[in-house]
Amino acid sequence: MTDEVRWPDAGEYAQAARSPTEFLLDDELRQGKLRTSPLGIPLPATGRNAAVFRLLLDEGSVAVRCFTRQPRDGRRRYDALRAYVERTAIPAFADARWLPDAIAVGAQRFPMIRMEWVDGLNLDRYVEAHIEDRNRLADLAESWIELLHALEASDVAHGDLQHGNILVEADGAIRLVDLDGIWTPATTDLVPNEVGHRNYQHPQRITGGYWGRSVDAFSALVVAVSLEALAQEPGLWFEHNDGANNLLLAEADYMAPGDTPVWADLDALADPVPSLAARLRDACAADVARLAKPTEMVRVHGMLTTPAPPAFITERIGPATGETPVVPDSAPAPAPAPAPATPVPVPRDDRPDLDPVGGEAPRPPEPTRPDPAPSPGAGSSGLSAGIVFVLFATIVAIIVVFVGVATLGLTTPVGWLA
């Protein structure tokens, strides 16, 4: 395929798919059945670069991803990605294989991606479905941070982190799809012909096409601050989500950091949201090529802790390049001094309506201090003085009353004295 060839659009793919045995050229895929509408018409899900059909095979469903424009270095990228992912075994990535000349539209043949079908909701739809469940949103925010650590430990970046490429399964597991722009050490020279969703990307990447190991830094922070904010104040969803293209923030907010309404709403929440929002504001004005790694972007004042790399990383590939994974020793040495250890900060402990996230145990209550004992004799002397005063006042009152009675010539005592 060359750039001069016109690539079919989603409608042309759907029309060709009405004859599945002519549309699908792969022998195995021909045994399957394309999912159709009630009228029997194959209905693809469409994106900016591809149309995706669901194909039912005996062993389950697969996604048939058909390109609507030329994928730059597509075969090299997907072959390198498949080899890399097989070695690192990152569960978040959907399995994807490049199949050359596997689709026919008229007399022309086109490549396709055979991808694992992920049964999940796009991130924005998942958030919308659970917008009143703060605990679930808090768990999702924590899972997002864990995913960023897993990607970083495996030395890989997605390249287009946005709600349409992030799927959440029923159990809350996060999966990543659309791997056209992925970065690995093996694809450093394969610059993609896309720069990601403009409502999740740094303005400089939209205009200049930055590409590198930290390509996910800005978008990872956008998702993190959005999920953290919604876990605290779900009402922000109805004020700042446009229904199709974002979570809370958008390109206009990055072009005027601090000056659009969403920034004030974020600053009004409890930490870590204002700290994350401040980091995002600073990032908007910074050089995109100089942004920190995604995990550093979401770490603010110790509010978000650094978990150990997941077991599948430490078991399969060992330490990431140039880094030492945080893996607890099997038999830690005792502390050299008896001083108590400094507690690790727990995210969101300051939220009274949320349980601790990630299995963290609640902090024990502060010990109750007993009231100081009274000084010897203090209680008895105070009591004696009070009794003397009461007796004296009573005697004086009786004398005054009887004097008054005698003076007025009354012969009957006042009623309450009778």
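Quick one: which residue in 213, 198 is of a type in the set (D, E, K, R), modelled with pLDDT under 95 and not in a helix (DSSP H, G or I)?
213
Looking at residue 43, is it closer than 18 Å to residue 111 by Cβ and either surrounded by 14 or more Cβ atoms within 10 Å (Cβ to Cβ) or among the hydroxyl-bearing types (Ser, Thr, Tyr) (or both)?
Spelling it out, it is not the case that residue 43 is closer than 18 Å to residue 111 by Cβ and either surrounded by 14 or more Cβ atoms within 10 Å (Cβ to Cβ) or among the hydroxyl-bearing types (Ser, Thr, Tyr) (or both).
Tell me yes or no: at least one residue of segment 89-105 is crowded, with 21+ Cβ neighbours inside 10 Å and among the charged types (D, E, K, R).
Looking for residues that are crowded, with 21+ Cβ neighbours inside 10 Å and among the charged types (D, E, K, R), one finds none in segment 89-105, hence no.
Which of the residues spanning segment 226-249 are in contact (Cβ under 8 Å) with a residue 60 or more places away in the chain and either of a type in the set (Phe, Trp, Tyr) or surrounded by 17 or more Cβ atoms within 10 Å (Cβ to Cβ) (or both)?
The answer is 227, 228, 230, 231, 232, 237, 241, 246, 247.
Among 72, 97, which is charged (D, E, K, R) and in contact (Cβ under 8 Å) with a residue 40 or more places away in the chain?
Being charged (D, E, K, R) and in contact (Cβ under 8 Å) with a residue 40 or more places away in the chain holds for just one of 72, 97, which is 72.
Out of 231, 252, report the one residue that is in a helix (DSSP H, G or I) and within 19 Å of residue 147 (Cα to Cα).
231
Return the pair list, or none, for Cβ contacts closer than 6 Å from residues in segment 250-274 that are more than 18 Å from residue 219 (Cβ to Cβ) and at pLDDT 95 or above to residues that are surrounded by fewer than 13 Cβ atoms within 10 Å (Cβ to Cβ) and of a type outside the set (Gly, Ala, Ser), at least 6 apart or on different chains.
Qualifying pairs under 6 Å: 270/350.
Pairs needed: first member in segment 176-193, farther than 28 Å from residue 121 by Cβ and outside any loop (DSSP other than H, G, I, E, B); second member anywhere, at pLDDT below 90 and basic (Lys, Arg); C-beta distance under 7 Å; at least 6 residues apart or different chains.
Short answer, once both residue conditions are applied: 187/77.
Have a look at 54, 134, 97, 87 and point out the one that is within 29 Å of the chain's Cα centre (by Cα) and within 21 Å of residue 161 (Cα to Cα).
97
Under the condition of being within 22 Å of residue 238 (Cβ to Cβ) and under 17 Å from the mean Cα position of the chain (by Cα), which residue from segment 253-281 is surrounded by the fewest Cβ atoms within 10 Å (Cβ to Cβ)?
Per the criteria, the residue is 270.
Could you go through segment 19-30 and let me know if any residue there is assigned to a loop (DSSP other than H, G, I, E, B) and touching a helix residue (DSSP H, G or I) at 6+ places or on another chain (Cβ under 8 Å).
No: zero hits.
For residue 79, which of the numbered conditions (1) part of a helix (DSSP H, G or I); (2) touching a Phe, Trp or Tyr at 6+ places or on another chain (Cβ under 7 Å); (3) farther than 30 Å from residue 152 by Cα fails to hold?
The one condition residue 79 does not meet is (3).
Only residues that are within 19 Å of residue 251 (Cβ to Cβ) and not in a loop (DSSP other than H, G, I, E, B): list them for segment 290-299, please.
Hit for segment 290-299 is 297, nothing else.
Report, by residue number, each residue of segment 46-67 that is surrounded by fewer than 18 Cβ atoms within 10 Å (Cβ to Cβ) and in contact (Cβ under 8 Å) with a residue 60 or more places away in the chain.
Of everything in segment 46-67, those that are surrounded by fewer than 18 Cβ atoms within 10 Å (Cβ to Cβ) and in contact (Cβ under 8 Å) with a residue 60 or more places away in the chain turn out to be 47, 48.
Does residue 104 satisfy the condition of being outside any loop (DSSP other than H, G, I, E, B) and closer than 30 Å to residue 144 by Cα?
no
Considering segment 122-147 alone, what residues qualify as being more than 18 Å from residue 94 (Cβ to Cβ) and outside any helix (DSSP H, G or I)?
130, 131, 132, 133
The values are calculated or read from the model by the stated rules, or taken from the named source; none is laboratory data. What you are looking at is a predicted structure, and each value in this text was computed from that prediction instead of being measured. FYI the Cβ positions are ideal-geometry reconstructions off the backbone, even for glycines, and counts take in every protein chain you see.
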